[in-house]
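Here the structure comes first, spelled out in C-alpha cells, and everything after it is commentary.
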Amino acid sequence: MAKIKKKGQSGQAKNYITRTQAVKKLQISLPDFRKLCIWKGIYPREPRSRKKVSKSATASTTFYYTKDIQYLQHEPLLQKFREQKVLEKKISRALGRGDVSDAARLERNAGRPDQTGKPRYTLHHVIRERYPTFIDAIRDLDDCLSMLFLFANLPSTTSVPAKMIARCERLCHEFQHYLITSHSLRKSFLSIKGIYYQANIQGEDVLWLVPYKFNQRVVGDIDFRIMGTFVEFYMTLLGFVNYRLYSSIGLKYPPKFDQTKDDKGAELAALTLEGVNLATNEETTKAITNGEGHGPDPKVQAEVDKLVKKLRTESAADKADEEMADGEEEEEEKATDAIDKFEPAAPGGDVLPQPTYSGNNPSKLFANCTLFLSRETPRQSLEFILRAFGCKRIGWDPILGEGSFTTDESDPSITHQIVDRPIVQAATTEQGDGEDNQTAQKLGPNQRYPGRIYVQPQWVWDCINDEELKSPELYAPGASLPPHLSPFVKPTQGQYDPTVPLEEQETEGEALDAAIEDAKDEVESDEENSEADNDMDVADDNDNDEEEDSDAEEDEEVEDEEDEDEDEEEVLQRQRELEAEISGKAVKSKQVDPKLKAKLEKKKALERKKKEEAEDLERAKGMLSKKKRKLFEQMQYTNKKKSTEDMKLRSKRRKLEKEKAAGKA
Amino acid sequence: MKSKPVEKKRKVRDEESDSESDDELANGLFDGVLEASEDEEDYIPSDEIDDVDSESEVSEGSEDAEEEEEEEEGDDDALLSDDIPSDDEMGKLSKDAEELEITEPGVDPKPKHQEEEDRNYKVVKDANGGERYVYDEIDPVYDSDDSDAQGPVNTIGNIPLSFYDSYPHIGYDINGKKIMRPATGDALQSLLDTIEVPKGWTGLTDVNTGNPLNLTQEELELVRRVQHGLVPDEGYDPYPDTVEWFTSKQETMPLSAAPEPKRRFLPSKNEAKQVMKLVRAIREGRILPYKPPEEREREEEEKEEVQFDIWQDEEPAAPNPMHIPAPKLPPPGYEMSYNPPEEYLPTEEEREEWEKTDPEDREKEFLPQKFNSLRKVPAWGTLVKERFERCMDLYLAPRVRKNRLNIDPNSLLPKLPSPAELKPFPTVVQTIFRGHEGTVRSIAIDPTGVALATGGSDGTVRVWELLTGRQVWSVKLSSEDPVYTVRWRPTKDAFVLAASAGEDVFLMVPPHSSVTPTLDQASRDVLAAGFGYATNGQQPATAPGKEPAGKWARPGTKLEDAGVLVRVTVRSAVKVITWHRRGDHFATVSPEGQRSSVAIHTLSKHLTQIPFRKLHGLAQTVVFHPLKPLFFVATMRTVRCYDLQKVELVKIVQPGAKWISSLDIHSGGDHLIVGSYDRRLLWHDLDLSNRPHKTMRFHPKAIRAVRFHKGGLPLFADASDDGTLQIFYGKVPNDQLESPTIVPVKQLKGHKVVNQVGVVDIDWHPREPWCVSAGADGTARLWM
C-alpha cells in the first residue's frame, strides 16, 4: 500500500507561504520585510485553491511563493537590516544608561536614512537583478517617474526630508534634459490630475504624470515610510537610467549643477550638459539654454521675420489651401525616402501598422519660433515641452525665475507669446499708472505688441500632439478653446470618438430615432403655424387627403397582418376620424407626412428584426454549456455597458449640436 | 603722576614693591574700610588703645593701595584719596623703596618689619598700678603660623549672635573688650540708599563683627580670576621653564656605572605592534584625518551618488515564467482632460448620483470637469493618495494572470441550423381526442400509423382513427384500476395491442377498418399460439407453494367477444409495457413488485420470466435495445444495461438525475434519452461515457415521458407536467467522432394542467413527423 499522504506536506501547501511565516523564516521585522519586498519586487500570489493552501480558516491571509522567500534569504540587504537592528539596540542601551554622548556617536556613525535621507547601503545589485537589461528598466519607468515627479513637488516634512526632495528634483531635471536633447518626448496631455507626458525611449513608450505646480495636499492616512521606500528605490533606478541615457547620447553624467542658479529658480537651466570627448579629453560644453549673450543675431532675426511673414500669409491662405490640397498633393508628390502609405485596395485584408514619424520632423516643430511666456503660464512644463520640440529661444517674465532667453517682453525677436489671462474690459485712459511694478510688464491690459502671435497655453499641447503648428486663431486669448483631447486614446471600432462627426458613428436605430424626433418637431411646429390661420376649407381638403391615405393604409394592412401595433394605431386613427366627422371638425392630430411614416415603418422593421435576432440568440444560448453561457453573458454584459455609455455620449452630443444649431438659427 | 625721568628706575621698583606688599596691606585696607564706614564713637577707643603707630601704618598702607587703584581705575576712588597730600606719599614711598632695595626678590619683607620693632608688647599700668603687658596684635602675614587671627575676633564662641540681641555689644575681643554693635537702622540705611553701592558690596553681614561684609579689591580680583578660569594667584606661573636637571648637561660622572642594557639598542616589539595597529587602521580606512562633520557627510553623499553603467555587460535573460509584471495604469481618456468635449460632462442627475454613492462604490473615481482656461485648473486633491494606493497595490496586491478573452461573444455560440432546415416537426394541434373520463394515462400509434390506442384512468382502452379523431373501439378492462399503459405490438404482421390494468396485462386484437380478416386471423393466431404450448406441459414447473411469475389465461367471454384474448396476471400492478422489436417478447415493470418488478413475457410460449433476483433500487422503466440482445432497466438513479444472452451486466449509465421517470433509446442503439422527475432531460451517448452528453433543463416541472421518432426523422420529444411538449431536433451523425446535434425546436402548448399533472404520455407516428400526446385533462392530441 502506498504511503498515506499527509495534508499540508506537499503540492500547493508547500508552494505557498503566508506572510507571517515568511517574516518568521527571514527573522526580520515586518517593516523590514516590507522594505525588502518592495525593493526586490516580491509580491503576494493568489493560490488557485485557498483551501488547499491555508492551514487556518482566516480568509484574508496573504500568500507568497515559498521560492520567492527562499530567494530573499540570500539577500545581502538582510545582513544590513540586521546590522541596523543591532545598532539601534546599542543606541537604545546607551540612552538607557544615560550615556548620551555615546548614543550620539553611535547615531552619527549609523547614518540613519530618516535623518539624512540616504541609507548607508546601496541598491545597485537589486536594480541589476530586477532589470537584467536596460530595456527592462525602461519598461518599468512609468511608476518611477510619476513617483519622483510627485515627490519633487512635495513640501518637505519630517517624513519627507528636504534632501530627498532635492534629489528627486534633480534626477527629474536630468531626465528632462535627456528628453530635450534626444527629442524623445512624443505626447503630452493636460488632465485635471496633472500633466501627462509620453516619451519614446529606445522604442519603449513611457508615460508619466506630473502634478501641477501647487502645494500638494496630503489627505487621508498615507504612510510615507512605504512611499519613501519606493522613492529610495526609484531614485537609485533613475540615477542609473539617467547615466545610461546620457552616455548613450555622448553626454557626461552627472551634468554640472549650478547651485546659485538653482536658488534663483532656474530649474532646468541650473544644469549644464557637457559632452564627453574621450579622444581629445576635451569637454565641449553644450549651451543648452537660450543662447544668452549672443543677443538678437541678424541672421536669426531675418529668418524670424521671414517666418513671421510666412506664418501670417499662411494663416490667411489656409482655407484656400485646404480646399486645393486634395488636388495638389498628388502633383506635388516627389520621390522621397519616407515610407509610403499603403491603402487597402479591397476590403477584408489585415491592417498593418506603419511608423508614423516619417514626414515632418516633430523635433523641429518650434525650431523657428521665439516664445515668450507670460507670468500666469506654467513655465516649467511649457519650457520642457517647447525645448523638447526644438525651441531654442524661450523668454519669460522675470517673476518666473532665472534662465530665460529674455525677460524683456518687448523684445522684437519674439514671434509667439503665450498668455492665459482674460481680456480685461479696462478703460484705455487708466492704463499705465496702476501697473504693479513686480513684473517687467509695461503694456496696458489689452495692448499687444505688433508682429507677434498671442496664444493660450493649450495651443502648445495641441501642436505637439498633432505634430503640426495649429492655427492660432482658435487659441487666441479670451477665446473659448476647442476641447483638449487625450492623445493616448486609440480609436477602436464601434467606440465613441468625439473627433468624428456624429452621423458616421451612430447606429441605424439611433439615427432613425433622431430623424423621427426631428420630423415630429417639425410637424408640430408646422401644425402650430397652420393651426393659427386654418379655416374650414382647408380642413375639408385635409379630410379628403386623409381618406386617400387611409385607403393606402388598408392596402398595407393586408400586406403585413402581423403588425398588430399598427393595426391598433389604425383603429384609433379611424376612431378619431369618425369622431371628427361627427363633430364636424378637422382631424388635426396624426397628420402624418409620408416621410415620417416611412421612417416609422423602417423603425418598426428594425425592431422586428431585432426581436427575431434576440429569439435566435436565446435559442443558441440554450445550447451552450453552463460555463460557456456564463462567460458569454459576462461578455455581453460588458459590451452592453460600453455601448450604453457610448450611446449616452452620442445622445448628449446630439442634444448639444441641436442646441447649437438652434442658437445659431 | 611720576613725571621725573630720573626716578624711572625707582618707579619700576616702586611698582614691584607695591605688588609685594599687597599681603601686608590687605589687612590695613580692610580696617580702613571699616573705619570709613563707621562713625560710632564707641569703637574708636579700642583702636586708640591698640596702637597709634599701627594705626598710622595702616592708614598709610590704605592710602597706598588707594593710590594704586586710582592709577588703574575709576574716579570714585580718586575722590576718596583727594585729601591725601601727594608729597607725603612720595616721601613714604621713597622710604619704602630704600628699604626694599636691600631685600632680595622673592623673600618676604616681614622679618625686617619685626626687626624694626623689637618689642611686640607695651607695658601699661593696670588698675592696681602694677605693670601690665599689652601685646601687639599679631599680624598674620603670609608666613605667619597664625592663620586664624584676622582682625578683631569675636570670642563668644559658637553661640548664636541672637543671645546678644538685648545688649549694646555683640561679644568680646581677644583682650576681653566689648565689641560694640555697629550702628544700624534708619539713619544709616537712608545714608546708604543715597550713595551708590560701594565696590565689593555683598549685602551680607559679618557674623563676628555685625558689620556689613564687603569684599576687598583683592578678593574681587580673586573672584574675577576664578570666574575667568585663570589661576587664582596672579603671580603664579603655571608653565615655568623646564629646569633641566639631567638631559642637556653632560655629566662628568655618570650616576650609574651599569652598562647600558641590550633593550636600549633593540626596537621595541610592543611599540611596533602598536604602530602596526594604527597603520592597519589607517590602511583600512578606520582612522581618517579629521574633517568637520558637515564636510564629511557631504563627501559621503557624493560617494554614494557615484553613478556608473550598471547595464554594461547586460545579458538578456529569459523572463521568469512565474513572474507577473505589474500592470501599467491605464492612460487617461478624453473625460480626464481639463477641457473635455462637452458631451463628457456629467448632467445634473449624474452628478447627484455620483455624489450620493459611496466613494468605494463609484464606478469612476472622478467627475469630468471643464475649465475654460489653464490657469483655473487647481491642484488635484487626492494625487498623493492615489499614488500611495498605487504603491500599496504594487507591493501588497496579489497578482493573478487572468486570460481576458478578447473575442466576439457571438463566436462562442454554436452554429445552429436555421429553423427552416430543421423542418419538418410538429407545430400545431391537428386533432383532439375526447372521450376518456379522467386522465388519459397512455397513448400509442399502431405500426401502420392509422390507429391510435389510448388507455385512461376510467379503466378503458379506446382505439381511434388517427386522422379523423373518431373513436373506433372501446373496452373497459377494469372498473377500479386505471389502464396504466397501452402498447402496440411493433410488427405489421399482426394487429395486437397490449394494455395493463392493475396486475393484469391484456392482449387484444381491436377491430379496425384497416384490419383485414386475414390480418385479424393472423393476430388471433399469434395470441393463441401459446395456449397450445402451455397445454403441451412445457411450462416450467414452479416450486410448490410459490406463486408463478405470471398466469396466462383467457379473460372471459365478455372480454373475448370484445377482442381481448389473453390475460396475463403478474404479482403486482404493471405500470410499463415494452415490446421487443420482433414482437415475440414484451417486458413489464411493476415498480412495487420488489424483486419481481421486472418481468419478461414470451408471447409464443405464454411464458413469464423474472430475470433479476435482486435489483438495485426501484425499477422505473425498461427498454429493449433495437439491434442487440441488450436490455436497459432504469431504476430511480441509474440505468443498467444487461446482456440477455450472456446474462450479465454490461454497463451502468448514470444520468445524475434524482428520479428517472422515462427512458428511450435511439433507433441506432447508441444514444439514450432519459427524462426525470427533477425536470431534466438527459442525452447519453453510450459509446462516450456513462455521464450525460447533454443536459437540458427547459421544463419548469417534472418530465413524464420521452420518446424518439422511430421512423427515421431526427426528432425526439418530451412531455412535462407543465402541460407542454418540447420537440427537439436530435441528429445523430454517421461519423462516430462527431457529436450529435441537438436543437430545441418547438414547444407545444395546449394541454391543461389538472392536479399538477400535465402531459402524461407521448408517441410518434411511425413515419410522419407527427406526435400524439395524452394529457391529464382527459384529452389526447395529435400534433402535426
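What is the diffusion coefficient of the stretch B:383-528 in µm²/s, taking the Kirkwood radius over Cα pairs and the Stokes-Einstein relation at 25 °C with a viscosity of 0.890 mPa s?
On the way: Rh = 20.2 Å.
Rounded, D is 122 µm²/s.
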Förster radius 51 Å - calculated FRET efficiency between B:His323 and A:Ser410 (Cβ-Cβ, nearest 0.05): 0.30
Cα extents of the stretch B:655-768 along the three principal axes, largest first (Å): 44, 33, 18
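Can you tell me the FRET efficiency between A:Tyr637 and B:Leu627 if r is taken as the Cβ-Cβ distance and R0 is 60 Å, rounded to the nearest 0.05?
So, using R0 = 60 Å, E works out to roughly 0.80.
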For the stretch A:12-75, accessible area per residue (1.4 Å probe, heavy atoms of protein chains only), Å²: 54 Å²
Extended-chain gain in nm, criterion 0.36 nm per residue less alpha-carbon gap, A:Ser651 and A:Thr157: 172.9 nm
The stretch A:12-75 - percent relative contact order, Cα under 8 Å, separation 6 or more: 54 percent
Per-pair calculated FRET efficiency, R0 = 30 Å: B:Gln274 and A:Asp99 via Cβ, rounded to 0.05: 0.65
Label point distance in nm, B:Leu396-A:Gln12, each placed 7 Å from Cα along Cα→Cβ: 2.5 nm
Rg ratio (alpha-carbon, reference 2.2 N^0.38 Å) - the stretch A:155-259: 1.17
Unsatisfied cross-links (Cα-Cα over 29 Å) in the set B:Lys492/B:Lys551; A:Lys163/B:Lys385; A:Lys90/A:Lys256; A:Lys640/B:Lys385; A:Lys5/A:Lys25: A:Lys90/A:Lys256; A:Lys640/B:Lys385
Where A meets B: accessible area buried, both sides, 1.4 Å probe, Å²: 8400 Å²
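Restricting everything to alpha-carbon atoms, can you work out Rg to Rh for the stretch A:1-75 with a Kirkwood hydrodynamic radius?
Ratio of gyration radius to Kirkwood radius for the stretch A:1-75: 1.02.
Averaging over all projection directions, find the projected area of the Cα convex hull of the stretch B:637-682 and quote it in nm² with one decimal place.
Computing the convex hull of the Cα atoms and averaging its projections yields 3.4 nm².
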Solvent exposure, largest accessible area first (probe 1.4 Å, DNA, RNA and ligands not counted), of B:Arg680, B:Arg470: B:Arg470, B:Arg680
Centre separation in Å (Cα based) which lies between the stretch B:726-759 and the stretch B:280-345: 68 Å
Projected area, mean over directions - the stretch B:423-504, Cα convex hull, nm²: 6.1 nm²
Accessible area in square angstrom per residue, the stretch A:124-272, 1.4 angstrom probe: 33 Å²
For the stretch B:595-721, convex hull of alpha carbons as volume per residue, Å³: 117 Å³
Kirkwood-Stokes translational diffusion coefficient of the stretch A:88-239, alpha-carbon pairs, 4 °C, 1.567 mPa s, µm²/s: 74 µm²/s
Restraint check, A:Lys626/B:Lys415; A:Lys610/B:Lys731; A:Lys626/B:Lys701, Cα-Cα greater than 23 Å: A:Lys610/B:Lys731
Separation of the B:Lys476 and B:Lys658 label points, Cα + 7 Å toward Cβ, nm: 4.0 nm
Flagged links, alpha-carbon separation over 30 Å, of A:Lys40/B:Lys376; A:Lys609/A:Lys641; A:Lys621/B:Lys628; A:Lys595/B:Lys746; A:Lys648/B:Lys694: A:Lys40/B:Lys376; A:Lys621/B:Lys628; A:Lys595/B:Lys746; A:Lys648/B:Lys694
Farthest positive-ward along the stretch B:376-473 dipole, Cα basis, beta-carbon charges - from B:Ile432, B:Ala453, B:Leu383: B:Leu383
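The values are calculated or read from the model by the stated rules, or taken from the named source; none is laboratory data. The structure displayed is predicted, hence computed values, not measured ones. We place every Cβ from the backbone using ideal geometry, glycine too, and count neighbours over all the protein chains shown. Heads up: the accessible areas ignore ligands, DNA and RNA and are worked out on the full protein's heavy atoms, side chains in. Shrake-Rupley method; radii C 1.70, N 1.55, O 1.52, S 1.80 Å.
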